[in-house]
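Before any comments, here is the structure.
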Amino acid sequence: MAQAFTQQLSANLAKNVLHFAPQVSRRSLNLMPEALKIIVINKLLNLVLAEQLKTDELDFLKQKWVGICVDDIGLRFEVGVEQQLRVRAFTQPDVTLSANVPELILVAAGKEDPDTLFFQRKLRIEGDTELGLEVKNLLLSIELDNLPKPAQIGIEQLAKVLQRLTASE
């Protein structure tokens, strides 16, 4: 009886966390100036994709813009490559990839396959589909090892928590 109560309590807590965390994040991001968001995202992506930039794996993005929409927190921006990776405010990208934070964390941690999310309609690709597929393949090739150790651990731990929370729904 006590175990059933604990499981029900955990399931309710999981639902609340998954419901309220994006709302809190959205509010926090709305307080941050757009220019600061762009700077932070630009630095983060240049760090994560440094190896791909060195080896010209991102050449397919030259003269192209990929829109990224993190729907549940209201974050939208575009990524392109000139001499380096560039991030700008969302305008009219060639392709747009949209998903929610939990799915993006699970992909980043290698716990979820982008193809599976696409077919479950949790990852959406609109616009230049060929470019979108190249970006999706790039996502699969990114190694967490490019991130600082605290970020690697954080993403891995978040993914584990998300898996437990979604399993209890």
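The values are calculated or read from the model by the stated rules, or taken from the named source; none is laboratory data. Note that this is a predicted model, so its numbers are computed, not measured. Ideal geometry is used to build each Cβ from the backbone, glycine not excepted, and the neighbour counts take in all protein chains shown. Only protein heavy atoms, including side chains, enter the accessible area calculation; ligands, DNA and RNA are left aside. Shrake-Rupley method; radii C 1.70, N 1.55, O 1.52, S 1.80 Å.
Structure above, values below:
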read-out	value
Qualifying residue in the range 32-39 (condition: among the charged types (D, E, K, R), at pLDDT 85 or above and not in a strand (DSSP E or B))	yes
Only one of Val95, Val87, Val101 that is among the aliphatic types (A, V, I, L, M), over 28 Å from Lys54 (Cβ atoms) and modelled with pLDDT of 85 or more	Val101
Qualifying residue in the range 78-90 (condition: open to solvent by 30 Å² or more (accessible area, probe 1.4 Å) and within 26 Å of Leu162 (Cα to Cα))	no
Extreme residue, most open to solvent (accessible area, probe 1.4 Å), among residues of the range 135-169 that are of a type in the set (Ser, Thr, Tyr) and over 20 Å from Val48 (Cα atoms)	Thr166
Hey, Thr96 over 23 Å from Ile38 (Cβ atoms) and not in a loop (DSSP other than H, G, I, E, B) or not	no
Filtered residues of the range 97-134 (kept if surrounded by 20 or more Cβ atoms within 10 Å (Cβ to Cβ) and without any contact (Cβ under 8 Å) to a residue 12 or more places away in the chain)	Glu112
Of the criteria (1) open to solvent by less than 80 Å² (accessible area, probe 1.4 Å); (2) assigned to a loop (DSSP other than H, G, I, E, B); (3) under 25 Å from Glu156 (Cβ atoms); (4) touching a residue at least 24 places away in the same chain (Cβ under 8 Å), which one Lys64 fails	(3)
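Okay, residues lined up against (1) open to solvent by 60 Å² or more (accessible area, probe 1.4 Å); (2) assigned to a helix (DSSP H, G or I); (3) in contact with a Leu (Cβ under 7 Å, 6 or more places away or on another chain); (4) at pLDDT 90 or above:
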| site | (1), (2), (3), (4) |
| --- | --- |
| Gln3 | yes, yes, no, no |
| Gln7 | yes, yes, no, no |
| Lys15 | yes, yes, no, no |
| Phe20 | yes, yes, no, no |
| Val24 | yes, yes, no, no |
| Leu45 | no, yes, yes, no |
| Asp56 | yes, no, no, no |
